[in-house]
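Participant: I'd like to ask some things about the structure below.
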Amino acid sequence: MLLANRLQPLQANVFADMDRAKAKARAAGQPIIDLSLGSSDLPTPPHVLEAIAQSLSDTSTHGYLLFHGTQAFRQAAAQWYTQKFGIPVDPETEVLPLIGSQEGTAHLPLAVLNPGDFALLLDPGYPSHAGGVYLAGGQIYPMPMLPEHQFLPVFEDIPVPVLAQARMMVLSYPHNPTTAVAPLAFFQSAVDFCQQHDLVLVHDFPYADLYFEGDALPSVLQADPDKTVSIEFFTMSKSYNMGGFRVGYAIGNAELIRALRQIKAAVDFNQYRGILNGAIAALTGPQDTVKAAVTTFQQRRDAFVEALHRIGWQVPVPTATMYIWAKLPEVWATDSIRFCTELVEQTGVAVSPGAGFGKSGEGYIRFALVHEPAILETAVERIAQFLCS
Ligand SMILES: Cc1ncc(COP(=O)(O)O)c(C=O)c1O
């Protein structure tokens with residue numbers, strides 16, 4: 001069968017290879033400790049489940065939801081954003097509900113790029129950012145994130161011919177996988193740069209609440225309060241443990257929101273109204289479960305980092321996200337994929353290879369802290385045996 005050329009760049013998927021390695025280890029009877037996926041193991045708050053359950057028995061929620069979700073959802077998202085970041089948001093023109101934020105970030109390039117245009121992406125970065133650019137027929141310019149620059153891209157390094165053909169820049173802090181955070185001053189320089197070069201500035205912000213130390217994390221719209229070039233993506237997956245429910249939203253420049261809505265109108269009929277009702281309950285209800293989740297991830301971080309340090313593996317202590325970004329021992333520095341495949345086959349511990357997130361991720365692996373401390377410590381014991389073997 002002849003299929004479209006655009007499938008080509010989507011074919012190399014390290015995570016699918018890792019799934020196969022996990023399945024092989026499982027079939028061989030190896031008990032798996034899966035630290036490879038950032039899918040929270042914590043429960044969705046009960047009041048959220050209650051709102052969804054009530055919606056299920058309300059037949060008025062069962063039909064298609066046309067246009068751009070419900071007004072109640074848009075208002076809840078706008079109000080949540082303004083309370084948190086102090087920037088006014090028009091729920092009618094500056095908010096768009098999404099079927100998870102990944103859906104939105106992957107669809108946006110279709111609204112911004114013409115074939116051949118460049119998108120400036122973080123390297124390493126979240127795979128769907130690149131996926132969306134490929135689907136739109138765009139080209140990717142990877143902006144390397146290096147420890148010597150605090151994992152922030154250096155805009156001056158972007159070649160002039162690339163800039164001339166670039167239409168968008170995608171940032172995401174706190175960052176998956178490196179766990180880096182960015183100060184407001186960095187976002188200010190990104191907004192200036194994008195204004196100067198006529199670029200759309202996208203900020204994917206799923207870990208907005210998952211920070212352990214210091215001040216609240218900045219939103220890109222605090223650096224662009226008039227929303228001249230920026231759009232920011234939020235998800236219910238992390239703060240409210242709703243990954244499987246697939247709900248998120250975009251907030252930002254009204255023209256970009258309208259353009260993304262037009263793309264989505266050709267593709268989907270929005271998330272189920274009952275799930276939007278659950279998201280409203282999450283955004284407007286008690287926030288103590290968010291605090292509890294942060295405390296849980298902080299305790300796991302401390303236990304895991306301490307255990308790694310005990311076996312002599314020095315890793316920086318992340319101040320945000322649910323991940324540990326670990327530099328591999330020198331012998332594995334050029335083959336994170338083989339490290340991860342052999343680790344899962346020999347020990348059952350599944351982690352993500354840095355190379356799967358982009359070229360600059362090589363030499364690192366990412367641990368997702370999605371198990372209790374006791375299991376995390378067992379994982380480290382097995383890793384220690386693997387490293388000694
Ligand atoms: C940077 C980033 N964006 C998006 C997502 C996915 O969010 P959602 O569940 O809303 O699609 C993740 C999940 O790990 C992520 O790390």
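The values are calculated or read from the model by the stated rules, or taken from the named source; none is laboratory data. Predicted model, so just to flag it, every value in this text is computed and none were measured. All Cβ positions, glycine included, derive from the backbone under ideal geometry; neighbour counts span all protein chains shown. Keep in mind that these areas ignore ligands, DNA and RNA; they rest on the heavy atoms of the full protein, side chains included. Shrake-Rupley method; radii C 1.70, N 1.55, O 1.52, S 1.80 Å.
Participant: If only one of Leu56, Leu65, Leu42, Leu49 is of a type outside the set (Phe, Trp, Tyr), open to solvent by 90 Å² or more (accessible area, probe 1.4 Å) and out of contact with any Asp or Glu (no Cβ under 8 Å at 6 or more places or on another chain), which one is it? Even if it seems obvious, please write down each step before you answer.
Facilitator: Details: Leu65 fails: open to solvent by 90 Å² or more (accessible area, probe 1.4 Å); Leu42 fails: open to solvent by 90 Å² or more (accessible area, probe 1.4 Å); Leu49 fails: open to solvent by 90 Å² or more (accessible area, probe 1.4 Å).
It is Leu56.
Participant: Under the condition of being β-branched (Val, Ile, Thr) and assigned to a loop (DSSP other than H, G, I, E, B), which residue from region 219-267 is surrounded by the fewest Cβ atoms within 10 Å (Cβ to Cβ)? Spell out the reasoning first.
Facilitator: Pass one, region 219-267, residues β-branched (Val, Ile, Thr): 220, 228-229, 231, 235, 247, 251, 257, 263, 267.
Now restrict to residues that are assigned to a loop (DSSP other than H, G, I, E, B): 228-229, 247.
Working: Thr228: 12, Val229: 26, Val247: 28.
Among those residues, the one meeting the criterion is Thr228.
Participant: Would it be correct to say that Tyr134 is farther than 19 Å from Gly363 by Cα, touching a Lys or Arg at 6+ places or on another chain (Cβ under 7 Å), more than 16 Å from the ligand (Cβ to nearest atom) and open to solvent by 10 Å² or more (accessible area, probe 1.4 Å)?
Facilitator: Working: farther than 19 Å from Gly363 by Cα: yes; touching a Lys or Arg at 6+ places or on another chain (Cβ under 7 Å): yes; more than 16 Å from the ligand (Cβ to nearest atom): yes; open to solvent by 10 Å² or more (accessible area, probe 1.4 Å): yes.
When the stated conditions are applied, Tyr134 passes them.
Participant: Would you say Ala72 is crowded, with 21+ Cβ neighbours inside 10 Å and of a type outside the set (Lys, Arg)? Walk me through how you get there before you give the answer.
Facilitator: Working: crowded, with 21+ Cβ neighbours inside 10 Å: no; of a type outside the set (Lys, Arg): yes.
Judged against the criteria, Ala72 is not a match.
Participant: Would you confirm, using the coordinates I've provided, whether Glu342 is surrounded by fewer than 23 Cβ atoms within 10 Å (Cβ to Cβ), without any contact (Cβ under 8 Å) to a residue 60 or more places away in the chain and in the same structural domain as Pro316 (by TED's automatic domain parsing)? So that I can check it myself, show each step before the final result.
Facilitator: Numbers: surrounded by fewer than 23 Cβ atoms within 10 Å (Cβ to Cβ): yes; without any contact (Cβ under 8 Å) to a residue 60 or more places away in the chain: yes; in the same structural domain as Pro316 (by TED's automatic domain parsing): yes.
When the stated conditions are applied, Glu342 passes them.
Participant: Another question, then. Considering region 1-25 alone, what residues qualify as being open to solvent by 70 Å² or more (accessible area, probe 1.4 Å) and more than 20 Å from Phe357 (Cα to Cα)?
Facilitator: Listed by number, the residues that qualify are Met1, Leu2, Leu3, Asn5, Lys24.
Participant: Which residue is modelled with the lowest pLDDT, if the candidates are limited to region 36-91 and must be within 25 Å of the chain's Cα centre (by Cα) and β-branched (Val, Ile, Thr)?
Facilitator: Only one residue fits best here, namely Thr70.
Participant: Among Thr93, Thr105, which is within 14 Å of the ligand (Cβ to nearest atom) and in the same structural domain as Ile231 (by TED's automatic domain parsing)? Spell out the reasoning first.
Facilitator: On the way: Thr93 fails: within 14 Å of the ligand (Cβ to nearest atom).
After applying the criteria, what remains is Thr105.
For (1) in contact with a helix residue (DSSP H, G or I) (Cβ under 7 Å, 6 or more places away or on another chain); (2) charged (D, E, K, R), each residue gets a yes or a no:
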site: Gly252; (1), (2): yes, no
site: Glu255; (1), (2): no, yes
site: Arg258; (1), (2): no, yes
site: Ile263; (1), (2): yes, no
site: Asn270; (1), (2): no, no
site: Gly274; (1), (2): yes, no
site: Val290; (1), (2): no, no
site: Val294; (1), (2): no, no
site: Gln299; (1), (2): yes, no
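Participant: Any residue in region 234-253 that's farther than 16 Å from Asp209 by Cα and more than 7 Å from the ligand (Cβ to nearest atom): show its pairings with residues that are assigned to a loop (DSSP other than H, G, I, E, B) and charged (D, E, K, R) at Cβ separation under 7 Å, as long as the two are six or more apart or on different chains.
Facilitator: Hits for this filter: Ile251/Glu94; Gly252/Glu94; Gly252/Lys227; Asn253/Lys227.
Participant: Return the only residue of Asn277, Asn270 being open to solvent by 10 Å² or more (accessible area, probe 1.4 Å), part of a helix (DSSP H, G or I) and not β-branched (Val, Ile, Thr).
Facilitator: On the way: Asn270 fails: part of a helix (DSSP H, G or I).
When all the criteria are applied, what remains is Asn277.
Participant: Only one of (1) within 16 Å of the ligand (Cβ to nearest atom); (2) modelled with pLDDT of 95 or more; (3) touching a Phe, Trp or Tyr at 6+ places or on another chain (Cβ under 9 Å) is not met by Gln165, so which one is it?
Facilitator: Every condition holds for Gln165 apart from (1).
Participant: Let me ask another. For region 191-209, indicate whether the set of residues that are open to solvent by 30 Å² or more (accessible area, probe 1.4 Å) and closer than 22 Å to Gly361 by Cα is non-empty. Don't jump to the end; show me each part of the working.
Facilitator: So the first thing to find is which residues in region 191-209 are open to solvent by 30 Å² or more (accessible area, probe 1.4 Å), and the list is 192, 195-198.
Those still in the list that are closer than 22 Å to Gly361 by Cα too: none.
No, region 191-209 contains no residue that is open to solvent by 30 Å² or more (accessible area, probe 1.4 Å) and closer than 22 Å to Gly361 by Cα.
Participant: A follow-up question, please. Please identify the pairs in which a residue from region 176-190 that is within 22 Å of Gln102 (Cβ to Cβ) and free of Cβ contacts under 8 Å to residues at least 40 places away in the same chain has its Cβ atom under 6 Å from the Cβ atom of a residue that is within 11 Å of the ligand (Cβ to nearest atom) and aromatic (Phe, Trp, Tyr), counting only partners at least 6 apart or on another chain.
Facilitator: Listed by first residue and then by second, the contacts come to Ala182/Tyr173.
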